[in-house]
Amino acid sequence: MEMITGICNVYINSELKLGLFKETFHRVYAVSDNWLVNIRGKYREEVIEYIKSSFPDFEKNCIFFSGLDDNNWAKSTAKMLEKSKYEYIYVFIEDHFLLKSLDHFKSVIRDMMDSKIEYFTYSFFNVGLSVQSAEGLYPDYSKHFFSFQFDEKNIVFLRKNNHHFYPYSLVSICTKKYFQRLLLIENKLLIKVPAIVQVLMENIFLFYPRNRAFWFSVNKVVSKIATRFIIYPSATPFNLEKSLFDCDFKLLPLKVGGLRGELFANWDDDNILSNSSLIKRGLYPEFLRSESYIGLNPIGGKDYALIKNQGSNHQYCPNIARVEKLPMKYIFIKKGVLKIFSDKESFVLEEGQSVWIHANIMHALLAIEDCVYYSYINSNI
């Protein structure tokens, strides 16, 4: 066990999110013996039952919360933090997958503590603080990190050269002291900016980062009367995040770490770095074949022909920043025999047979006999 508290304050309101939780939580559970758990949404009971049935030592390692203010993520999390045993906080996000072994993750945490790093983002590798941009900060180096002192002196450099670096991102591990200071900022009368105002500002009047700088300036004034304008609903955690353009100097100095190798990745969101999500890379889901689309009738598509022993490689994903639904592919054999295979599975279809597969996973087609097949892409956009 590492000396770290896990915060699991998540909203699970769909079967998709429930499935993601089950896939990601078991990978990281053993990193802490101090899990603070507050499950919101209609699948609350299913998540709690999953934890209790999957981990025999949950009574020792987990504290379950109920009756908190589910309309205010910062307030409920601050209450949960009162039960924290350790000085480092890991915020669990259910759609980010640990890509390395648990031992590797623990090694990263130990290196963080040994290097006295106060904050680092564990996912969205190379976004904001890329390995290639590190040298310009004259950092110190350790096994897993480059690290530097973030203060008023280098914020101008960072704004020019590391435009998308966030001094606080939710997908992070940080000291409890830093986390508490961030939560305290939200301890005010919170007024949600109307969505239409925010859309107009971001797309017409004040593009990023000026939109964040604007609300930061406004909030400096209204904070004197314990009020704060927020751009996301208070029930979500996103208002806690800080860009280089709305980060209060009172939070500085801060020793920041940047990972030298990828640790986690998001399943569906590129977050600026093109083709970085697990879906775009063909790493999610695990298997090519799908049973969930059986019975659906494809519309459109095209026939293709392959002669015996002829093959072709395929992978499809829409060219958008966030692929929220898995792209699917339907194949129906009109003539001959076709082998379909990926790194982890293979199967053969004969005349009259069909299959739905996950189009984003790299796969190959090989004609066992002269073959004509019908192909249809359901991009789910």
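Just so it is clear, none of the values below were taken in a lab; they were calculated from the coordinates. Quantities reported herein were computed from a predicted structural model and do not represent experimental measurements. All Cβ positions, even for glycine, are placed from backbone atoms using ideal geometry, and neighbour counts span all protein chains on display.
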Legend entry - Principal-axis tilt of helix 210-222 within the chain, Cα atoms, nearest 10 degrees: 30 degrees
Inset, instruction - Give the order of 121, 24 when sorted by the count of other beta carbons within 10 angstrom, beginning with the fewest. - result: 24, 121
Inset, instruction - Could you please rank 217, 223, 276, placing first whichever residue has the fewest other Cβ atoms within 10 Å of its Cβ? - result: 217, 223, 276
Inset, instruction - Give the residue from 349, 367, 328 lying farthest towards the positive end of the charge dipole for the range 309-381; charges sit on Cβ (+1 for Lys and Arg, -1 for Asp and Glu) and the dipole is referred to the Cα centre. - result: 328
Legend entry - Taking the range 289-378 and dividing mean pair separation by its residue count, relative contact order in percent (alpha carbons under 8 Å, at least six apart): 45 percent
Inset, instruction - For the chain, just say rounded, prolate or oblate: build the C-alpha gyration tensor, square-root its eigenvalues into a ≥ b ≥ c, call rounded for a/c under 1.5, and beyond that prolate if a/b exceeds b/c, oblate if not. - result: prolate
Legend entry - the range 228-365 - percent relative contact order, Cα under 8 Å, separation 6 or more: 26 percent
Inset, instruction - Report the label-to-label distance for residue 103 and residue 249 in nanometres (one decimal), using points 7 Å from each Cα along the Cα→Cβ vector. - result: 4.8 nm
Legend entry - Over the chain: helical MRE at 222 nm, DSSP H runs n ≥ 4 each giving -39500 (n - 2.57), nearest 500: -6500 deg cm²/dmol
Legend entry - Angle between the chain longest axis and helix 15-28 axis [Cα atoms, degrees, rounded to 10]: 70 degrees
Legend entry - Between the range 21-66 and the range 87-126, the alpha-carbon center distance in angstrom: 19 Å
Legend entry - Beta bridge orientation in the chain: antiparallel %, DSSP, nearest 5: 75 percent
Legend entry - Segment residue 60-residue 320, length gained on full extension (0.36 nm per residue, minus Cα span): 89.3 nm
Legend entry - Linear extension gain, residue 131 paired with residue 224, 0.36 nm per residue minus alpha-carbon span: 29.5 nm
Inset, instruction - Working from Cα positions, state the angle (0 to 90°, nearest 10) between the long axis of helix 176-185 and the longest principal axis of the chain. - result: 80 degrees
Inset, instruction - At most 11 other Cβ atoms within 10 Å and a DSSP loop assignment: could you name the chymotrypsin sites (Phe, Trp or Tyr not before Pro) in the range 235-322 that fit? - result: 287
Inset, instruction - Using 0.36 nm per residue of separation minus the Cα-Cα distance, give me the extension gain between residue 42 and residue 344 in nm, one decimal. - result: 105.3 nm
Legend entry - Residue order, fewest to most surrounding Cβ atoms within 10 angstrom, among 232, 284: 232, 284
Inset, instruction - Using Cα pairs closer than 8 Å and at least 6 residues apart in sequence, work out the relative contact order for the chain, in percent. - result: 16 percent
